[in-house]
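Heads up: the structure comes next, in structure tokens.
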Amino acid sequence: MAHLRSRRRAALIVPLGVALAASVGFVPGAASAATDAAPAAVSAKPAEDAPVFAYVVNTRADRKTLASVKRAIARAGGSVVVTHEKIGVIVAHSADPAFGERIRKVRGVQSAGATHTSPLKSAGTTDDGRAELISKADARALKRSAAPGAEPMEADQWDLRAIGADKAAKINPGSRKVTVAVIDTGVDDTHPDLAPNFSPAQSASCVGGVADTSAGAWRPANKDHYHGTHVAGEIGAARNGVGVAGVAPGVKIAGIKVADPVDELFYPENVVCAFVFAAEHSVEITNNSYYVDPWLYNCKDDPDQKAILDAVNRAQLYAQRKGTLNVASAGNSNHDLASDAIVDSSSPDDSTPVTRTIDPSECLDVPTQLPGVVTTSATGVRNLKSSYSSYGKGVVDVTAPGGDRYQLPTDTPSKNGNILSTMPGGEYGWLRGTSMAAPHAAGVAALLKSTHPKAGPAELQRLLKAQADRLECPATPYDPDGDGDVDAVCESGGKDKNGFYGSGLVDALAAVKKK
């Protein structure tokens, strides 16, 4: 299932299956670094029933080089799926296990590698488990007890109050000129809390690496792929008297589906497509509550993983250059992303995982550790780092509510410490994870863009950090489960910064007050 950052997707409160996950394992075509040598002789033609793998081939972004490399791909036994000319990324398929090694030797190729460690599959569905849904009876009870002027279920949205989003909405709910694209499992735009703010013209499916803008292509493959719909509601559920409210209920929401319909994984070619699509459709902010599969960490010394790093980074930097701020979740592994070593036993997640020890300064969690991306950790009701949230001095930029089972509210009807938001089919449910933290930060960034329409990505990130409410490292050892073991160590990163919370908790109210 996809690695949503709850993390990678968000951690579902019930067996939610969206978490950021990664993998390490056999990758087809692993070979030495690329050279400018001519391509080797083409090997024997693969059998007709040979498994097909997907690859990203990264080149110089001039048309002559791209044309030459595409011809070389054909000679090497591959077929071109799509070419992103402006960033020099080609997505190709091949059944030849030597394709990666061969194409890396082609003149003009800067990196190339397989994006899956198991063959491509035909379309299908998979069972992700169930989220914790609000019953119709509970929904009616909440509506009857709602405060005047509040959304029916808003009393359970402790997260909005934690960042001042309830007060901010009374000043500026966000501009219709600002769009946040949810790069995820798909968004159910028919949900009554999402339909008023949804932008079909800026939505698509990028499954397979090619943008499909046909009507409804952006919707989840089935109701179990609810992650993207939940994230969308956290950002921009309308204040329309129906159910819940988003952090920025006046902005537009777009959905860019990247989750594979079979295994719900977020493959690199799909994510590259999504960033390019967002950049070329005037999206101001993207939310990325996932990590790119199949590797939780992509290492620069592995040719396939290096190619993934290169391709996704080119795409997200292209989006930044076009004026898009990219916000991402830090992950749900409780890893110190600034440490000397991390044990990753989850990669590759599309085949057989292999335990490996990685250096997080050389092996990156993508996209959250890419340059210019806003890395967001998660907090619970008590403004303490969520037990699952990854962290790291100099890595985390800001923090936001993501929910936690060890931090429970005492002043809400449901006494639930997770995040309540929209679900496919007009329903509502609870989830927790850094997948839920990132959309709170993206919503605040959307409010900032509404208040400062001329601000570019760098300025929006600066404002997001400058206006954040400072949170100090815990005064006592961090032991959220109370078992006597210290579960993480918060390091100070200098003035007003630390490894748990970065610059602090995002502030929606400050975002709508011009400074």
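Within the stretch 132-168, restricting attention to residues that are of a type in the set (Gly, Ala, Ser) and touching a Gly at 6+ places or on another chain (Cβ under 8 Å), the residue that is nearest to Thr286 (Cα to Cα) is Ala165. Screening Val262, Val271 for residues that are modelled with pLDDT of 95 or more, under 25 Å from Ala217 (Cα atoms) and among the β-branched types (Val, Ile, Thr) leaves exactly one candidate, Val271.
Restricting Gly216, Gly241, Gly208 to those that are touching a Cys at 6+ places or on another chain (Cβ under 9 Å) and either open to solvent by 10 Å² or more (accessible area, probe 1.4 Å) or of a type in the set (Lys, Arg) (or both) reduces the list to Gly208.
Matching residues to (1) among the hydrophobic types (A, V, I, L, M, F, W, C); (2) open to solvent by less than 40 Å² (accessible area, probe 1.4 Å); (3) at pLDDT below 95:
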site	(1), (2), (3)
Ala468	yes, yes, no
Tyr478	no, yes, no
Asp481	no, no, yes
Asp487	no, no, no
Ser492	no, no, yes
Gly502	no, yes, no
Leu505	yes, yes, no
Lys515	no, no, yes
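Within the stretch 193-205, take every residue that is part of a loop (DSSP other than H, G, I, E, B) and without any contact (Cβ under 8 Å) to a residue 60 or more places away in the chain and give me the one that is surrounded by the fewest Cβ atoms within 10 Å (Cβ to Cβ). If we take residues in the stretch 193-205 being part of a loop (DSSP other than H, G, I, E, B) and without any contact (Cβ under 8 Å) to a residue 60 or more places away in the chain, then Ser199 is surrounded by the fewest Cβ atoms within 10 Å (Cβ to Cβ). Do we find that His227 is open to solvent by 10 Å² or more (accessible area, probe 1.4 Å), in contact (Cβ under 8 Å) with a residue 60 or more places away in the chain and touching a helix residue (DSSP H, G or I) at 6+ places or on another chain (Cβ under 8 Å) in this structure? Criteria not met by His227.
The set of residues in the stretch 286-305 being outside any loop (DSSP other than H, G, I, E, B) and within 21 Å of Arg219 (Cβ to Cβ) consists of Thr286, Asn287, Asn288, Tyr290. So is Asp263 touching a residue at least 24 places away in the same chain (Cβ under 8 Å), open to solvent by less than 10 Å² (accessible area, probe 1.4 Å), among the charged types (D, E, K, R) and assigned to a loop (DSSP other than H, G, I, E, B) or not? Here the answer is no, as Asp263 does not meet what is asked. Of the residues Ser347, Ser333, which is under 26 Å from Gly403 (Cβ atoms), open to solvent by 40 Å² or more (accessible area, probe 1.4 Å), part of a loop (DSSP other than H, G, I, E, B) and in contact (Cβ under 8 Å) with a residue 60 or more places away in the chain? That would be Ser333, the only listed residue that is under 26 Å from Gly403 (Cβ atoms), open to solvent by 40 Å² or more (accessible area, probe 1.4 Å), part of a loop (DSSP other than H, G, I, E, B) and in contact (Cβ under 8 Å) with a residue 60 or more places away in the chain.
A Cβ distance below 7 Å, combined with a sequence gap of six or more or placement on separate chains, defines the contacts here; from the stretch 156-178, residues that are more than 21 Å from Leu142 (Cβ to Cβ) and touching a residue at least 24 places away in the same chain (Cβ under 8 Å) reach residues that are open to solvent by 20 Å² or more (accessible area, probe 1.4 Å) and among the aliphatic types (A, V, I, L, M) in the pairs Gly164/Leu509; Ala168/Leu509.
For the stretch 217-247, name all the residues that are small (Gly, Ala, Ser) and either modelled with pLDDT under 95 or in a loop (DSSP other than H, G, I, E, B) (or both). Those that are small (Gly, Ala, Ser) and either modelled with pLDDT under 95 or in a loop (DSSP other than H, G, I, E, B) (or both): Ala217, Ala221, Ala237, Ala238, Gly241, Gly243, Ala245, Gly246.
The values are calculated or read from the model by the stated rules, or taken from the named source; none is laboratory data. As the structure is a computational prediction, the values presented were derived from the model and not from experiment. Note that we place each Cβ from the backbone using ideal geometry, even for glycine, and neighbour counts take in every protein chain shown. With ligands, DNA and RNA removed, areas are computed over all heavy atoms of the protein, side chains included. Shrake-Rupley method; radii C 1.70, N 1.55, O 1.52, S 1.80 Å.
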